[in-house]
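Report on one structure; see the data block that follows.
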Amino acid sequence: MATGEKFANALRAMGQLGISSKVVEPVLERLLQVCEGKWEHIEAGNYQLLAEAIFEDGGEGDIKNDLDDDGTEPPLKKLHLGHDRDSSVPSKMEGQKYNLDHQDNKSNLYSQRKQKRHQKNLDLSNVSSADPIQSSERISDVGRTTQAIKPSTSSHAMENYMAFNTHEMPKSNGEKKAANKPSVGAQAPVAFSGLQGPSESSNAGFRSHGTGDSRQQAALGPTQLRRVKDISKGLENVPISLIYESNSETLPRFFYARNNVAYQSAYVHVSYARISDEDSCSGCVKNCLLRQVPCACARETGGEFAYTPQGLLKEDFLETCISMSQNPAEKHLFYCEVCPLERNKNESKPEPCKGHLLRKFIKECWTKCGCSLRCGNRIVQRGITRRLEVFVTRGGKGWGLRTLEELPKGSFVCEYVGEILTNTELYERNASSKSNERHTYPVLLDSDWGSEGILKDEEALCLDATFYGNCARFINHRCQDANLIEIPVQIETPDRHYYHLAFFTKRVVNAMEELTWDYAIDFDDEDHPVKAFECTCGSEFCRDKRRKAG
Ligand SMILES: C[S@@+](CC[C@H](N)C(=O)[O-])C[C@H]1O[C@@H](n2cnc3c(N)ncnc32)[C@H](O)[C@@H]1O
């Protein structure tokens, strides 16, 4: 058969699975190179290798969207590397190892997938009913309450948390209490007990950060691609899916929260009395962006709104923010008189402040404003509108977040949600965390620390998404050329100790691209509350010298 015909057959076969030729072609070309033109490898098992390569390439959007229909589709069988893997697979394919014994399953599965669209499937029903990602009960969202409330340790949500979490959970009185061992109760993830922590040898280049047990893995049989349809369990406007391979990454354990929640001592005082009439636009109606003369809420951004009527960040504003964070001039840095970070390290003799970036703020309209909730100056407060997905990254970064749709430059993606802690609380959390957690989830809210002299402890705040957070907790770091930028947003409180940290795209981001932001980590600062890690961002601008040296 001529190569062209073989090519066409491959496209047709993938087309029957609902994968467009646009997605297939580049992968097929690469695969042909890797297989040194040996079509028999590619054609084997009804194009098993090709389908797998498409999954690995992240170009499986069509299939996954299909799976999304009702969340009850059969898991896609992945063929795992095993003792019986075909030794004739070219050595260059070592990263993607397949058990060709299962070659018939794929075609069957895909056709079953269409037939069984509404048929309950055991594996996926397990995922949705017993996944360890717990939706947080709506505990005191900042913005809905007028005082900071700590998570209630007697809440049902907390019980669920305790059932799954092996971290130490800080108690309200500042002491630490060892969390229960995972229990097999009504809420326990029985179905997941075998999915924890594969060994490094699991296929598809995934790396585990769990405790490996090859016996568990063997008992599970072939690796399956699974999907949790919505880790927010309806809290967000759009579902946030999570895709993973059974036998791969340990599933994340945290409570999904849509809004920040004050942990204990953080001073987050929201009240109408504190918002002056001059700082709101009670005279506005409908959409402030349509006014000829911008209202008071645009004052913060130089008398012009930061958003376009299309809901994107204005080019000028975005570019200024990008340049300030990438190449900060001296005037964009400020040095605290007594830095809260240094004070935690040595209260009696704090070291000089290492500096903080003075960022530009966006101010959104809020409840004292006369405009409607659909006003164009209310983007971040309306929440996530883009289709996002949590997935397992390559290169040892763990989980990551990607977009399932193309995002124009200046799009709002999501805000960073977590518990609001004082820096002392974070410092104590870090110090008392006896485990060597691989991933950490704090960000400092330090964009305005310079404006008020010496900050009290309860005013020097950060967000910690370790226990409570939204999908932003999965966004990985990339040095300098990340595709997202974080921008502080003032919504319900005029002081700048507490604000929302919102992510916007710095450029057009393609569907299926991983979303990244520059954590602005000093990789040499061992004592910083946001712990440095060995960076594998892959950027040519990577600042981690250890990595470069290695
Ligand atoms: C906010 S979490 C991001 C989500 C995390 N990957 C996960 O699996 O939950 C930050 C952690 O991810 C890992 N990480 C993020 N960016 C990384 C990078 N460029 N290189 C290596 N590890 C990274 C580090 O362990 C870091 O502490």
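The values are calculated or read from the model by the stated rules, or taken from the named source; none is laboratory data. Bear in mind that the values here come from a model prediction, so they are computed numbers and not experimental data. Every residue, glycine among them, receives a Cβ derived from its backbone with ideal geometry; neighbour counts consider all protein chains shown. Surface accessibility is based on the protein's heavy atoms, side chains included, excluding ligands, DNA and RNA. Shrake-Rupley method; radii C 1.70, N 1.55, O 1.52, S 1.80 Å.
Using θ = phi - 60° and the Karplus form 6.51 cos²θ - 1.76 cosθ + 1.60, what ³J(HN,Hα) does each residue of segment 440-448 get, whole Hz, x for Gly and Pro?
Once rounded to whole Hz, the list reads 10, 9, x, 9, 7, 9, 10, 5, 10.
Pop out the ³J(HN,Hα) list for segment 450-457 in order, Karplus 6.51 cos²θ - 1.76 cosθ + 1.60 with θ = phi - 60°, rounded to Hz; leave Gly and Pro as x.
For segment 450-457, the Karplus-derived couplings read x, 7, 10, x, 7, 7, 6, 4 Hz, x marking Gly and Pro.
Can you list the residues, at least 5 places off or on another chain, whose amide H is less than 5 Å from the amide H of LEU333, using H built in the peptide plane?
LEU358
Using θ = phi - 60° and the Karplus form 6.51 cos²θ - 1.76 cosθ + 1.60, what ³J(HN,Hα) does each residue of segment 381-396 get, whole Hz, x for Gly and Pro?
Whole-Hz 3J(HN,Hα) from phi for segment 381-396: 5, 7, x, 6, 10, 9, 7, 10, 9, 8, 8, 8, 8, 9, x, x.
State which entries of LYS363/LYS409; LYS397/LYS545; LYS360/LYS409; LYS286/LYS363; LYS229/LYS286; LYS354/LYS409 exceed 24 angstrom in Cα-Cα distance in the structure shown. Don't skip to the end; give the middle numbers.
On the way: LYS363/LYS409 20 Å; LYS397/LYS545 17 Å; LYS360/LYS409 18 Å; LYS286/LYS363 17 Å; LYS229/LYS286 35 Å; LYS354/LYS409 32 Å.
Those over the limit are LYS229/LYS286; LYS354/LYS409.
Ignoring ligands, DNA and RNA, what percent of the accessible area of segment 230-364 is carbon or sulfur (1.4 Å)? Mind showing how you got there, number by number?
Values: 3200 of 6480 Å².
Carbon plus sulfur share of accessible area: 49 percent.
Quickly work out the ARG382-to-THR320 label distance, labels modelled 7 Å from Cα along the C-beta direction, and quote it in nm with one decimal.
Rounded to a tenth, the inter-label distance reads 2.4 nm.
In 10 Å bins starting at zero, report the fraction of Cα pairs in segment 1-55 per bin as a rounded %.
Calculated P(r), rounded to whole percents: 26, 66, 8.
Skipping prolines and chain starts, which residues have an amide H placed within reach, meaning under 5 Å, of the one on CYS414, given they are 5 or more residues away or on another chain?
PHE503
Given points 7 Å out from each Cα along the Cα-Cβ axis, report the ARG507 to GLU25 separation in nanometres with one decimal.
Using points 7 Å along Cα→Cβ, the separation is 2.3 nm.
In the neighborhood of CYS414, defined by Cβ-to-Cβ distances under 11 Å, what is the net charge if each Lys or Arg adds +1 and each Asp or Glu adds -1? Please report the intermediate quantities before stating the final value.
Values: positive: ARG258, ARG386, ARG473; negative: GLU236, GLU415, GLU486.
Computed value for this residue: 0.
Mark the label point 7 Å from the Cα of ASP525 along Cα→Cβ and return the residues of segment 315-344 whose backbone N is within less than 19 Å of it.
324-344
Want the number for ASN287 to GLN310: 0.36 nm per residue separation, take away the alpha-carbon distance, what's left?
7.1 nm
Between LEU333 and GLU36, how high is the FRET efficiency from 1/(1 + (r/R0)^6) when r is the Cβ-Cβ distance and R₀ = 45 Å? Nearest 0.05.
Details: r = 54 Å, r/R0 = 1.21.
Calculated value: 0.25.
Counting other Cβ atoms within 10 Å, keep those with at most 12, restrict to DSSP loop, and tell me which trypsin sites (Lys or Arg not before Pro) in segment 451-533 are left. If you can, show how the numbers build up before the last one.
On the way: sites: LYS456, ARG473, ARG478, ARG496, LYS506, ARG507, LYS531; in loops: LYS456, ARG478, ARG496, LYS506, ARG507, LYS531.
Passing both the DSSP loop test and the Cβ count: LYS456.
Between MET1 and GLU540, what FRET efficiency follows from the Cβ-Cβ distance if R0 is 35 Å, with the result rounded to 0.05?
Working: r = 43 Å, r/R0 = 1.22.
Working from the Cβ atoms, E equals 0.25.
Amide H to amide H under 5 Å from PHE254: which residues, 5+ apart in sequence or cross-chain, H placed 1.01 Å off N in plane?
GLN134
Roughly how many Å² is the accessible area per residue of segment 1-55, as a whole number, for a 1.4 Å probe? Show your work: numbers first, answer last.
On the way: 2550 Å² over 55 residues.
Result: 46 Å² per residue.
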